[in-house]
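The values are calculated or read from the model by the stated rules, or taken from the named source; none is laboratory data. From a predicted model like this one, the values you see are computed outputs, not experimental measurements.
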């Protein structure tokens with residue numbers, strides 16, 4: 001899949017604010033956020049993050065796998081990658097921007113099924129993120145201002 005820097009630039013232009021922080025939770029997130037030295041948003045310049053890499057390690061420049069994140073959120077999603085993927089997919093579903101078929105075509109992966117596997121195999125055990133996976137599985141998408149507690 002060719003690199004599409006134009007798509008990333010357009011995505012950031014249309015989504016200039018962090019999209020993810022309000023869907024992150026837990027002690028590790030609190031530590032990462034606090035390490036950046038900020039107590040309230042905004043936490044700095046936002047970047048476009050790739051939610052998932054393709055099967056051979058390339059970054060997929062498709063709408064479903066792009067999300068704008070702050071430096072603190074970006075650091076967290078690389079530190080706690082499974083929690084990051086769960087929160088990113090949840091966020092994209094809330095926005096109506098996650099297309100599982102587009103993701104499967106680009107990566108060869110059913111990302112929603114993978115989240116279920118992580119939950120069932122207890123690879124994701126934090127109650128908050130297990131709750132997000134359950135909501136994703138059930139197709140329940142809440143108002144973005146009211147994520148599950």
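On the stretch given as the stretch 110-129, residues that are under 23 Å from residue 99 (Cα atoms), modelled with pLDDT of 95 or more and not in a helix (DSSP H, G or I) total 1. Selection of the stretch 1-35 for residues being at pLDDT 90 or above, part of a loop (DSSP other than H, G, I, E, B) and over 21 Å from residue 90 (Cα atoms) yields an empty set.
A count restricted to the stretch 70-109 and to residues that are part of a helix (DSSP H, G or I) and more than 30 Å from residue 38 (Cα to Cα) stands at 8. Among the residues of the stretch 49-60, the one identified as assigned to a loop (DSSP other than H, G, I, E, B) and at pLDDT 85 or above is 51.
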